Amino acid sequence: MFVTEWNSSALVKAATRTGKKKNALTPMTFSLLHATDFADRLMYSIIPPLKAGMIVLADRYAYTAFARDAARGVDRQWVRDLYSFAVKPDLAVYFRVTIDVSLDRLLARRVKLKFYEAGMDMGWSNNPVESFRIFQSKVLDEYDKIVPEHDLRVVDASGSITEQQRIFRRLVSEYLEAQS
Amino acid sequence: MSDTRPLDPGAHGGVTPGHYYGHGLPYLNIDQYPGKIIAIEGTDGVGRSTQIRLLREWLEVQGYGVVETGWTRSPLMQPTIELAKSSNTLNKLTFVLLYACDFADRLEKEVIPALKAGFIVLADRYIYTAIARAGVRGIDSQWIRRLYGFAIAPHLVFYLKLDVDALARRVLETGGMSYWESGMDLKAGDDIYDMFRTYQRQLLKEYNAMADEFGFRVLEGRRSINALQEELRRQIGEFLEASDSPKMLGPGL
């Protein structure tokens with residue numbers, strides 16, 4: 001088994017950091033930088049374990065980009081075309097929460113929301129929490145389009161971790177059993 | 001008055017100059033921007049930067065505002081591209097995407113504001129260099145064209161064409177053949193001279209294949225600097241005269 005996380009390739013970290021620090025990223029360069037990061041991880045971290053017959057657990061996948069980039073105003077079809085080099089996951093699970101729940105959880109963990117996470121780059125609001133609400137509601141709308149389009153399995157993530165894990169394990173075992 | 005009349009109907013990838021090639025930037029409407037993009041394409045060593053410097057002087061003397069933009073020159077991406085090139089971690093896909101990110105950064109921060117302000121943008125290489133390099137590396141040609149759908153079709157594209165023999169001599173006279181200019185990343189061999197010729201020949205094939213598709217004005221790169229400059233000025237002068245938009249005021253005029 002192999003775990004890969006969004007936005008973690010060494011190659012792209014430098015540029016992302018520069019861009020994020022200076023708040024210099026436009027929706028388009030934000031999108032392309034993350035696609036570059038994804039391509040880097042796909043080639044080095046995802047495809048080799050797949051070839052070795054391993055299970056790759058991906059913490060976020062191209063769908064995150066579909067939702068986030070479109071919420072920032074990048075053309076939906078363009079983003080989908082961009083990621084056509086990605087391997088289609090055998091199973092994609094979307095953990096859905098309301099904005100209130102996700103805000104509570106984020107704020108419970110740390111002092112303040114990150115600039116891009118809250119969509120502050122879009123200039124919708126100077127208040128991070130308010131900006132997050134506006135941005136995240138657009139992101140959730142995008143996911144509602146993506147779920148049927150890409151056949152994502154939805155898990156209600158407002159419940160306890162134990163409950164979510166139970167459902168998640170069931171989805172994964174059902175899939176693996178169906179394969180064998 | 002329309003500033004988008006195509007000079008060569010059907011050329012420019014079928015797109016009116018000054019508009020996005022494909023799925024553009026929905027959050028930036030550029031339709032009525034008065035500026036112009038003039039792109040100079042051609043392989044390494046063909047003399048693009050010299051020609052651009054001379055064009056800039058000539059245009060500025062006539063009162064045009066001029067902005068230059070050049071490949072991998074974006075402040076955001078330049079350090080990363082340099083790092084990637086020197087550390088051998090680049091695969092063909094990340095190579096293509098880093099270039100696209102550099103282009104997007106310059107497009108939004110330099111080119112579009114200049115177009116809005118009525119400037120002439122002189123582009124030292126444009127998306128065609130990226131498409132040619134990707135083509136040689138086996139990237140899907142439709143995918144790369146859709147990727148650059150956010151690029152704006154230039155008003156004029158000049159392609160300075162130079163055959164491999166002349167090109168090899170020029171590059172050797174001015175600093176020698178580099179790893180990247182020789183396509184050594186393709187790992188097709190060890191002899192840099194042979195690799196340079198093979199790689200550049202493949203690039204030329206890609207550029208030639210794009211000439212009709214994107215409406216290149218092809219100029220013979222073996223001609224002298226002065227002769228080439230004269231030809232560029234003649235064609236650009238005609239274009240600017242024929243353009244219906246009023247003559248632009250440069251900054252400070």
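Here are A:40, A:75: which of them is farther than 25 Å from residue A:154 by Cβ, within 14 Å of chain B (Cβ to nearest Cβ), without any contact (Cβ under 8 Å) to a residue 24 or more places away in the chain and out of contact with any Lys or Arg (no Cβ under 8 Å at 6 or more places or on another chain)?
Going through A:40, A:75 in turn, just one is farther than 25 Å from residue A:154 by Cβ, within 14 Å of chain B (Cβ to nearest Cβ), without any contact (Cβ under 8 Å) to a residue 24 or more places away in the chain and out of contact with any Lys or Arg (no Cβ under 8 Å at 6 or more places or on another chain): A:75.
Residues in the range B:4-43 that are of a type in the set (D, E, K, R) and either at pLDDT 95 or above or surrounded by 20 or more Cβ atoms within 10 Å (Cβ to Cβ) (or both): how many?
Residues that pass the stated criteria total 2.
Can you pull out the residues in the range B:224-253 that are of a type in the set (Lys, Arg) and modelled with pLDDT under 95?
B:247
From the set of residues in the range B:48-88 that are surrounded by 19 or more Cβ atoms within 10 Å (Cβ to Cβ) and not aliphatic (A, V, I, L, M), which is farthest from residue B:157 (Cα to Cα)?
B:80
Could you pull out every one of the helices (runs of 4 or more DSSP H) wholly within the range B:106-174 that has 2 or more residues that are under 18 Å from residue B:52 (Cα atoms) and under 11 Å from the mean Cα position of the chain (by Cα)?
So the answer is B:127-136.
Go through (1) β-branched (Val, Ile, Thr); (2) at the interface with chain A (Cβ under 9 Å from one of its Cβ atoms); (3) over 20 Å from residue B:144 (Cα atoms) and name the single condition residue B:96 misses.
(3)
If you take the residues of the range B:54-78 that are in contact with a Gly (Cβ under 8 Å, 6 or more places away or on another chain) and either part of a loop (DSSP other than H, G, I, E, B) or more than 14 Å from residue B:120 (Cα to Cα) (or both), which of them is farthest from the other protein chains (Cβ to nearest Cβ)?
Out of the qualifying residues, it is B:63.
Outside any loop (DSSP other than H, G, I, E, B), within 14 Å of chain A (Cβ to nearest Cβ) and either touching a strand residue (DSSP E or B) at 6+ places or on another chain (Cβ under 9 Å) or under 29 Å from residue B:143 (Cβ atoms) (or both) - does that describe any residue in the range B:30-53?
No, there is no match, as no residue in the range B:30-53 is outside any loop (DSSP other than H, G, I, E, B), within 14 Å of chain A (Cβ to nearest Cβ) and either touching a strand residue (DSSP E or B) at 6+ places or on another chain (Cβ under 9 Å) or under 29 Å from residue B:143 (Cβ atoms) (or both).
Can you give me the number of residues within the range A:137-180 that are assigned to a loop (DSSP other than H, G, I, E, B) and at pLDDT below 95?
5
Got a number for residues in the range B:99-113 being more than 9 Å from chain A (Cβ to nearest Cβ) and within 12 Å of residue B:134 (Cβ to Cβ)?
Total satisfying the criteria: 1.
Does residue B:83 satisfy being aliphatic (A, V, I, L, M), in a helix (DSSP H, G or I) and farther than 30 Å from residue B:225 by Cβ?
Taking the combined requirement at face value, the residue satisfies it.
Please state which of the following conditions residue A:116 fails to meet, knowing it meets all the rest: (1) surrounded by 14 or more Cβ atoms within 10 Å (Cβ to Cβ); (2) over 15 Å from residue A:65 (Cα atoms); (3) in contact with a Lys or Arg (Cβ under 7 Å, 6 or more places away or on another chain).
With (1) surrounded by 14 or more Cβ atoms within 10 Å (Cβ to Cβ); (2) over 15 Å from residue A:65 (Cα atoms); (3) in contact with a Lys or Arg (Cβ under 7 Å, 6 or more places away or on another chain) applied to residue A:116, the lone miss is (2).
Can you name the residue in the range A:77-95 that is under 13 Å from residue B:140 (Cβ atoms) and of a type in the set (A, V, I, L, M, F, W, C) and, of all such residues, is surrounded by the most Cβ atoms within 10 Å (Cβ to Cβ)?
A:82
Could you list, in sequence order, all residues of the range A:78-112 that are part of a helix (DSSP H, G or I), within 14 Å of chain B (Cβ to nearest Cβ) and more than 15 Å from the chain's Cα centre (by Cα)?
A:78, A:81, A:82, A:84, A:85
The values are calculated or read from the model by the stated rules, or taken from the named source; none is laboratory data. Note that the structure is predicted; figures quoted are calculated from it, not measured. No Cβ is skipped: glycine too gets one built from the backbone with ideal geometry, and neighbour counts run over all protein chains shown.
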